[in-house]
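The values are calculated or read from the model by the stated rules, or taken from the named source; none is laboratory data. Because the structure is predicted, anything quoted here is derived from the model rather than measured. Reconstructed Cβ throughout: ideal geometry from the backbone, glycine too, with neighbour counts over all protein chains shown.
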Amino acid sequence: MPEFLYKVRDERGRITEAVAQADSQTALHQRLNARGMDVIEIRARGGLMDMDMGQFMAFMEQVKLKDMVVFSRQFSAMVGAGVAMLRSLTIMCEQCENPKLKRTLDSVRRGVESGMSLSDTMARHPDVFDNLYVAMVRAGEAGGILDEVLKRLAEFMEARAKLNAKVKSAMVYPSVVLAVAVVVFWAMLTFILPIFQGLFKNVGGELPAYTQFLINLSGFMRSIWMGLFVVAMIGAAWGLKSWYGTEGGRVQIDGLLLRVPVFGDLIKKVCIARFSRTFGTLVRSGVPMLSALDVVKDTAGNAVLSLSVDKISTEVRQGGSVSKPLARDPLFPPMVTQMVAVGEETGRLDEMLGKVADFYDVEVENSVEALTSLLEPIMVVGIGGIVGSVVVGMYLPIFTVINQIR
């Protein structure tokens with residue numbers, strides 16, 4: 001989803017600058033106006049060149065998931081113990097170590113002090129409190145169970161962090177090994193093969209075709225054409241990223257990723273686990289069904305899943321159930337649709353979604369272990385093959401000379 005830099009004036013006349021994601025500038029303008037903010041400027045974020053030094057420092061500062069988990073648990077404990085809202089926010093602000101979160105909490109405290117609700121104040125900081133967080137806090141305020149909702153938020157974010165860690169662990173190993181293989185191959189062609197090339201010239205005679213190919217490749221990698229190739233690859237990556245920033249591009253690329261052998265199945269399981277965990281947490285916290293589906297759609301992390309959730313939301317808005325559009329969607333296995341159907345029939349949808357999420361968390365963990373076990377020998381053989389192919393190319397002419405001498 002495209003990102004925009006915006007500058008707004010709140011009800012007290014304070015000017016705030018921040019970054020937000022939206023489908024378009026018009027959609028973001030309407031969203032900010034709905035929050036009672038006077039929009040001064042909105043522009044597409046084109047990168048670091050669009051920022052002054054203050055904005056650059058704010059961009060570099062990140063609020064980690066761990067910081068949000070600690071904040072949510074401590075805030076829940078204080079609210080549950082009967083500590084006043086303003087005093088709780090003051091204490092949290094004073095002991096917060098993350099500079100960006102500290103500034104945000106101070107702004108939230110001042111907003112609550114001016115008479116705004118906690119959820120509305122948090123909604124003014126979408127880069128820290130996303131739609132899911134704001135929706136759950138708003139439901140907790142309405143139901144008088146804010147402490148319980150904050151506790152559920154902490155548990156939800158811990159589960160999400162654990163899921164992200166599992167996925168990253170599956171991607172780190174092949175990425176590192178692939179990077180090492182590329183560096184080794186480049187070093188051998190750039191520094192080692194040219195040494196043997198001089199020896200080949202002194203020996204004379206016609207070189208084997210494979211050795212000549214490696215020498216030509218080595219010359220290409222040490223020429224200006226290699227620089228142009230790298231620039232072209234960077235341009236292609238930038239173009240792919242720009243295309244992914246469009247709605248059609250996201251749908252095409254995310255759909256392609258779901259069809260990739262081995263990795264596609266893992267991505268699908270991650271999507272189902274994230275959908276079930278998010279949807280179940282929102283329903284359990286008392287968020288209205290349509291609002292919960294809107295939040296799930298915005299936080300899906302996959303454009304194909306977002307389209308599926310949008311279809312579910314449309315049918316529910318027309319009076320239908322959740323399980324029927326799920327059953328028609330190939331992204332969701334029959335087990336998921338049956339669990340959701342049972343949850344709707346028994347009035348325990350949140351519980352069933354939680355069980356689905358737990359099941360797919362285990363499935364993701366098993367898939368990661370299986371993928372790692374599969375990739376380890378493949379990567380070892382791959383690096384050996386890369387190094388061996390260059391070594392064979394360097395020694396083929398020597399074997400040829402020995403045969404000629406014999």
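Go through region 374-391 and report how many residues are of a type in the set (Asp, Glu) and crowded, with 16+ Cβ neighbours inside 10 Å.
So the count comes out to 0.
Among the residues of region 179-193, how many are at pLDDT below 80 and out of contact with any helix residue (DSSP H, G or I) (no Cβ under 6 Å at 6 or more places or on another chain)?
The number of residues fulfilling the criteria is 1.
Run down Leu307, Leu349, Leu371, Leu396 and say which single residue is closer than 17 Å to Lys268 by Cα, in contact with a Phe, Trp or Tyr (Cβ under 9 Å, 6 or more places away or on another chain) and either surrounded by 15 or more Cβ atoms within 10 Å (Cβ to Cβ) or of a type in the set (S, T, N, Q) (or both).
Going through Leu307, Leu349, Leu371, Leu396 in turn, just one is closer than 17 Å to Lys268 by Cα, in contact with a Phe, Trp or Tyr (Cβ under 9 Å, 6 or more places away or on another chain) and either surrounded by 15 or more Cβ atoms within 10 Å (Cβ to Cβ) or of a type in the set (S, T, N, Q) (or both): Leu371.
Being farther than 16 Å from Ser72 by Cα, crowded, with 16+ Cβ neighbours inside 10 Å and acidic (Asp, Glu) is the filter here, so list the residues in region 87-125 that pass it.
The one that is farther than 16 Å from Ser72 by Cα, crowded, with 16+ Cβ neighbours inside 10 Å and acidic (Asp, Glu): Asp120.
Rundown of residues vs (1) in contact with a Gly (Cβ under 6 Å, 6 or more places away or on another chain); (2) of a type in the set (A, V, I, L, M), yes/no style:
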{"residue": "Val70", "(1), (2)": "no, yes"}
{"residue": "Ala77", "(1), (2)": "no, yes"}
{"residue": "Ala81", "(1), (2)": "no, yes"}
{"residue": "Glu94", "(1), (2)": "no, no"}
{"residue": "Met136", "(1), (2)": "no, yes"}
{"residue": "Asp147", "(1), (2)": "yes, no"}
{"residue": "Met157", "(1), (2)": "no, yes"}
{"residue": "Lys162", "(1), (2)": "no, no"}
{"residue": "Lys166", "(1), (2)": "no, no"}
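Only one of (1) closer than 18 Å to Gly347 by Cα; (2) within 19 Å of the chain's Cα centre (by Cα); (3) not acidic (Asp, Glu) is not met by Val287, so which one is it?
The single condition Val287 does not satisfy is (2).
What residue, of Tyr395, Tyr360, is without any contact (Cβ under 8 Å) to a residue 12 or more places away in the chain and at negative phi?
Tyr395
May I ask you to list the residues in region 22-71 that are modelled with pLDDT of 75 or more, outside any helix (DSSP H, G or I) and under 28 Å from Arg160 (Cα atoms)?
Gln62, Val63, Lys64
Tell me whether region 221-238 contains one or more residues that are among the polar types (S, T, N, Q) and modelled with pLDDT under 80.
No, region 221-238 contains no residue that is among the polar types (S, T, N, Q) and modelled with pLDDT under 80.
From Glu344, Glu315, Glu363, which residue is closer than 28 Å to Lys168 by Cα and either touching a His at 6+ places or on another chain (Cβ under 6 Å) or surrounded by 13 or more Cβ atoms within 10 Å (Cβ to Cβ) (or both)?
Exactly one of Glu344, Glu315, Glu363 is closer than 28 Å to Lys168 by Cα and either touching a His at 6+ places or on another chain (Cβ under 6 Å) or surrounded by 13 or more Cβ atoms within 10 Å (Cβ to Cβ) (or both), namely Glu363.
If the Cβ limit is 6 Å and pairs must be 6+ apart or interchain, which residue in region 323-337 that is farther than 8 Å from Ser308 by Cβ and in the same structural domain as Ile312 (by TED's automatic domain parsing) pairs with which residue that is at pLDDT 85 or above and among the small types (Gly, Ala, Ser)?
Ser323/Ala341; Thr337/Ser323; Thr337/Ala327
Step by step: first the residues of region 112-139, then only those that are assigned to a helix (DSSP H, G or I) and acidic (Asp, Glu), then the one that is farthest from Gln30 (Cα to Cα). Which residue is that?
Going through the qualifying residues, I end up with Glu113.
Could you check region 162-172 and list, in sequence order, the residues that are touching a helix residue (DSSP H, G or I) at 6+ places or on another chain (Cβ under 7 Å) and either surrounded by 15 or more Cβ atoms within 10 Å (Cβ to Cβ) or among the charged types (D, E, K, R) (or both)?
Across region 162-172, the qualifying residues are Leu163, Lys166, Val167, Ala170.
I'd like to know if region 299-312 contains one or more residues that are at pLDDT below 80 and touching an Asp or Glu at 6+ places or on another chain (Cβ under 8 Å).
Yes, the conditions are met somewhere in region 299-312.
Name the pairs: first residue in region 99-116 and under 14 Å from Phe129 (Cβ atoms) and free of Cβ contacts under 8 Å to residues at least 40 places away in the same chain, second residue of a type in the set (Phe, Trp, Tyr) and surrounded by 19 or more Cβ atoms within 10 Å (Cβ to Cβ), Cβ to Cβ under 9 Å, at least 6 apart or on different chains?
Leu101/Phe71; Leu105/Phe71; Val108/Phe129
Only one of these is closer than 18 Å to Phe156 by Cβ, in contact (Cβ under 8 Å) with a residue 12 or more places away in the chain and in contact with a helix residue (DSSP H, G or I) (Cβ under 9 Å, 6 or more places away or on another chain): Arg317, Arg277. Name it.
Arg277
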